[in-house]
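The values are calculated or read from the model by the stated rules, or taken from the named source; none is laboratory data. Because the structure is predicted, anything quoted here is derived from the model rather than measured. Neighbour counts are summed over all protein chains in view; Cβ atoms, including those assigned to glycine, are modelled from backbone coordinates with ideal geometry.
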Amino acid sequence: MHPTHLISRRDFLKTTAIAATAAGLSGALGAATTKRKVVVGAHPWVYAATQPNYDPTPVLPQIFADFSYAGIEGIELMHTALRPGDAVARIGELSQKHRLPVIGTSFGGAMWDRAQHSAVLEDAEKVITRLAQLGGRTLGATVGQPRPATPTLRKTPEQLDAQAECLRTIIALCAKHGVVLNLHNHAYEVENELHDLKGTLERIPDVKLGPDLNWLVRGGVNPAAFIRQHGKRIVFLHLRDQSKDGKWVEAIGEGDTDFAGIAAALNDVGFAGDAIIELAHEKTFKLTRPLRESVKLSREFVRTTLGY
């Protein structure tokens with residue numbers, strides 16, 4: 001893999017020092033939260049959604065500052081933020097400054113398409129290596145969807161085979177760096193009676209899950225029932241809220257999602273993974289408050305309703 005740019009020895013040493021500090025911070029804060037079992041982090045999608053190519057890199061300083069202000073215990077990055085050559089140094093410095101450890105990153109690619117495997121795996125190796133340098137320990141993988149996307153489009157057995165093959169390679173890459181892969185879902189993985197997800201589970205029975213509970217709802221799946229059925233596999237959660245009309249709300253707790261039922265299900269299965277707040281807003285939505293306040297309100301709701 002070719003470096004994106006050359007760095008001086010001084011820059012290299014600075015990068016290494018910052019990364020080591022960030023990794024130590026991640027371990028120290030992780031140890032501090034062991035008694036709580038569940039670490040509540042946040043994902044920067046709502047910030048990235050307003051950026052070119054959905055890349056949060058330009059607003060990472062604001063993201064770290066806002067998450068720290070809101071009482072977030074760790075950040076799940078987007079893999080686009082880990083692509084720049086200086087990502088480890090910059091993100092490590094922000095992590096150190098705000099005492100906000102990097103938990104992991106989301107990652108996606110067209111894993112169902114064998115012709116794209118080489119590009120997907122090259123990207124995965126770069127992202128996973130840099131994530132590990134920052135002390136990250138989890139990778140939320142999205143397998144991709146053929147286009148045009150429709151609710152009735154189903155992957156073929158051959159596409160599911162290719163998807164599983166790619167996932168196995170990424171799982172091995174993760175293990176090499178002490179990172180655990182979990183399957184992150186959008187609606188398409190769970191529509192059609194979980195056709196896509198079931199296809200993966202049939203081929204990789206021991207894969208871990210990191211369900212996005214709101215996408216479960218939008219895919220026609222009851223999140224509490226899903227948690228009870230797959231509890232032993234679930235190591236990660238994405239949390240978001242929506243109103244009765246199906247539109248996302250500004251902060252978790254301002255919609256109609258049955259979080260009391262979700263809390264009971266998580267308690268029943270003894271969930272002890274990471275719970276990640278991932279806000280999203282409809283394209284036409286106008287903010288009524290700064291994003292940091294919505295993240296803070298969401299964090300408080302998770303504490304009072306889920307007990308984390």
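If only residues of the stretch 120-153 that are of a type in the set (K, R) and touching a residue at least 40 places away in the same chain (Cβ under 8 Å) are counted, the one that is surrounded by the most Cβ atoms within 10 Å (Cβ to Cβ) is R130. Taken over the stretch 80-108, the criterion of being over 22 Å from V120 (Cα atoms), over 13 Å from the mean Cα position of the chain (by Cα) and among the hydrophobic types (A, V, I, L, M, F, W, C) is satisfied by A89, I91, L94, L100. Residue pairs whose Cβ atoms lie under 6 Å apart, sitting 6 or more positions apart in sequence or on different chains, and linking a residue in the stretch 185-213 that is closer than 20 Å to I276 by Cβ to a partner that is charged (D, E, K, R) and part of a loop (DSSP other than H, G, I, E, B), are K208/R233; L209/R233.
Confirm whether D258 is touching a Leu at 6+ places or on another chain (Cβ under 9 Å) and either of a type outside the set (A, V, I, L, M) or at positive phi (or both). Spelling it out, it is not the case that D258 is touching a Leu at 6+ places or on another chain (Cβ under 9 Å) and either of a type outside the set (A, V, I, L, M) or at positive phi (or both).
Hydrophobic (A, V, I, L, M, F, W, C), in a helix (DSSP H, G or I), crowded, with 21+ Cβ neighbours inside 10 Å and touching a residue at least 12 places away in the same chain (Cβ under 8 Å): does that describe L237? Spelling it out, it is not the case that L237 is hydrophobic (A, V, I, L, M, F, W, C), in a helix (DSSP H, G or I), crowded, with 21+ Cβ neighbours inside 10 Å and touching a residue at least 12 places away in the same chain (Cβ under 8 Å). Among residues belonging to the stretch 230-262 that are in contact with a helix residue (DSSP H, G or I) (Cβ under 6 Å, 6 or more places away or on another chain) and farther than 15 Å from S298 by Cα, point out the one that is modelled with the lowest pLDDT. Looking at the filtered set, the residue picked out is G231. When R90, R99, R114 are screened for being surrounded by fewer than 19 Cβ atoms within 10 Å (Cβ to Cβ) and without any contact (Cβ under 8 Å) to a residue 40 or more places away in the chain, only R90 passes. Considering the stretch 279-308, and only residues there that are among the polar types (S, T, N, Q) and under 19 Å from the mean Cα position of the chain (by Cα), the residue that is nearest to A49 (Cα to Cα) turns out to be S294. For the criterion of being touching a residue at least 24 places away in the same chain (Cβ under 8 Å) and at positive phi, R83 fails. Which residues, taken from the stretch 40-56, are surrounded by fewer than 18 Cβ atoms within 10 Å (Cβ to Cβ) and touching a residue at least 24 places away in the same chain (Cβ under 8 Å)? If the condition is that a residue be surrounded by fewer than 18 Cβ atoms within 10 Å (Cβ to Cβ) and touching a residue at least 24 places away in the same chain (Cβ under 8 Å), then A49, N53, Y54, D55 are the ones that fit. Scanning the stretch 255-269 for residues that are over 21 Å from the mean Cα position of the chain (by Cα), assigned to a loop (DSSP other than H, G, I, E, B) and in contact (Cβ under 8 Å) with a residue 24 or more places away in the chain turns up just one, D258.
Residue selection: F226 fails the criterion of being at pLDDT 95 or above, part of a loop (DSSP other than H, G, I, E, B) and within 22 Å of A141 (Cα to Cα). Filtering the stretch 59-79 to residues that are more than 20 Å from D123 (Cβ to Cβ) and part of a helix (DSSP H, G or I) leaves V59, P61, Q62, I63, F64, A65, D66, F67, S68, Y69. Scanning the stretch 178-223 for residues that are in contact with a Cys (Cβ under 7 Å, 6 or more places away or on another chain) and either at pLDDT below 95 or surrounded by fewer than 21 Cβ atoms within 10 Å (Cβ to Cβ) (or both) yields one hit, V180.
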